[in-house]
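Colleague: The structure is given below, and queries will be raised subsequently.
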Amino acid sequence: MSLDTVVEPGDGALLTVPANGRLRIVDLHGNQAVDTLFYDSHDIDNRYSAFDTIRAQRAVYLTTGSRLLSTSGDELAVITDDTCGRHDTVGGACSQESNVIRYGVHTRHQHACRQTFLTYGARAGIGQRQLTHNVNFFMNVPVTSVGDLRFDDGLSAPGRYVELTASRDLLVLISNCPQVNNPCNGWNPTPVQLLGWW
Amino acid sequence: MKHEIPAAAAWSAPVRAGRTITLTALADNANASTLIIGADRLDRLNIPDTLKSQMSARIRAGMVLMSDRGLALATVVASGSDWHDCLIGAPPDRLLQLELAKHGFGAADLHGSVNFFSKVRVTDDARASLTFDPDHARTGDSVTLRAEQDLLVFVSTAAHPLSTTEPAPIAVHIETSVQTEPAEPGGPELRAEAVRALELTRELIA
């Protein structure tokens, strides 16, 4: 095993995962959102694209078999195991600024995922311009036939996990979501475990 | 300013705060894949933030298109259709990227786009499966956005990525807006989150 670490809510990680490496994210306590971005480690402009990924699979939710594509159409990783069942990639990451719009100015200085992305991403030259629409592992964002979208209570449970296999050398940028203003973390952000084999 | 973008072409222009930009379909099955970047050249249209703050999986009249940094870029003040796709992204060709390059932008700026005039149906199944609606866009359909700050607007008229039909031309009309308040009587209803974004934007930069 190459990696075994626990990430507290509000904290993050920047991982280097080589091609064919397997990364498992374990939802230790259930209903925790894990905001995640993927970059080609040799070209950070070739990064995860939520909407190219959705187009290619012609479905909104991610699960086993979903190919995570880049803006250039390259396959960055594949979800190769999933005991949760589905994951979001439309809801984006929380930010202090979007919290103000959604919940009011009193949330302006609560910690948010994009703070974590910028903190950990800086080590690899990933700044505001390199941030994009992310995956929210374990997060439940129903999109319906009448065109509605909402954040619902999670479908996950303690110990459920998702596993990815890297299709090329990757940088994986993770924020374990600290959001307390909606049910994306069951109103109670909790730690997750990262396991890696490569 | 009036301009006609031919089918399968790309176009871009600055749109000053307070002006409106109207896109009109000049043939059935038109598609206008649109990216918006603030005049500060960093604050981009953020589709996920736009959708989650307004509890919608489509773009329709009364929605504010929001930026990465929580500001209002534009308001959809009128729309002949109640569904503009925003889940599929722009066509994976070079058209928009070339247009971005004219302004000094690159691959790092390929954010989620709105595919005006196109509809992709969502099925209520285990994966929220998507199918293109081939009978949605009609000749003469139009959508009007009001710029809430100085913008750069990028439009591609390539066919929708899930469409099998030929691309169509789009007319663009930019004019000075007479509307000054975020919500006007008789205009589309705005959610509280949309009003908050508009008020904050006006206080700060518009």
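No lab work stands behind these numbers, since they all come straight from the coordinates. Fair warning: this is a prediction, and the values are worked out from it, not measured in the lab. Cβ coordinates were reconstructed from backbone atoms using ideal geometry, including for glycine residues, and neighbour counts include every protein chain displayed.
Colleague: First measure r as the distance between the Cβ atoms of B:LEU42 and B:ALA206, then evaluate 1/(1 + (r/R0)^6) with R0 = 25 Å and state the FRET efficiency to the nearest 0.05.
Modeller: Here the calculated transfer efficiency is 0.90.
Colleague: Please order B:TRP83, A:TRP197 by the number of other Cβ within 10 Å, starting at the fewest.
Modeller: If I rank by nearby Cβ atoms, fewest first, I get A:TRP197, B:TRP83.
Colleague: Okay, next question. Would you list the membrane-span-like helices of chain A, meaning whole DSSP H runs whose alpha-carbon atoms span at least 30 Å along their axis and whose mean Kyte-Doolittle value is at least 1.0?
Modeller: Helices passing the filter in chain A: none found.
Colleague: Follow-up question, since we're still on this one. Within segment B:29-125, list the trypsin sites (Lys or Arg not before Pro) lying in a DSSP loop whose Cβ has at most 16 other Cβ atoms in a 10 Å radius.
Modeller: B:ARG41, B:ARG60, B:ARG94
Colleague: Can you sort B:ASP43, B:ASP125 by how many other beta carbons sit within 10 Å, fewest first?
Modeller: Going from sparsest to densest Cβ surroundings: B:ASP125, B:ASP43.
Colleague: Choose one answer from A:LEU15, A:LEU37, A:LEU76: the residue with the largest mean-square fluctuation in a GNM of chain A with alpha-carbon springs under 10 Å.
Modeller: A:LEU15
Colleague: Still on this structure, please answer the following. Along segment A:186-198, what does the Karplus equation 6.51 cos²θ - 1.76 cosθ + 1.60 (θ = phi - 60°) give for ³J(HN,Hα), rounded to whole Hz, x for Gly and Pro?
Modeller: Along segment A:186-198, the couplings run x, 6, 8, x, 9, x, 10, 10, 10, 10, x, 10, 6 Hz.
Colleague: How far, in nm, would the chain grow between B:ALA101 and B:SER177 when pulled straight, counting 0.36 nm per residue and subtracting the alpha carbon separation?
Modeller: That pair, B:ALA101 and B:SER177, stretches by 24.4 nm at full extension.
Colleague: Could you check which residue among A:GLY92, A:GLY186, A:GLY127 shows the biggest mean-square fluctuation in a GNM of chain A with a 10 Å Cα cutoff?
Modeller: Comparing A:GLY92, A:GLY186, A:GLY127 in a Gaussian network model of chain A, the most mobile one is A:GLY127.
Colleague: Shifting gears a bit: For chain B, set up a Gaussian network in which alpha carbons nearer than 10 Å are linked by springs, and say which option among B:ASP135, B:ASP49, B:ASP28 fluctuates the most.
Modeller: Of the options given, B:ASP135 has the highest mean-square fluctuation.
Colleague: Another question about this same structure. Tell me the mean residue ellipticity at 222 nm calculated for the protein assembly as shown from its helices only (DSSP H runs of n ≥ 4, each -39500 (n - 2.57), averaged over every residue, nearest 500).
Modeller: -3500 deg cm²/dmol, from helical runs alone.
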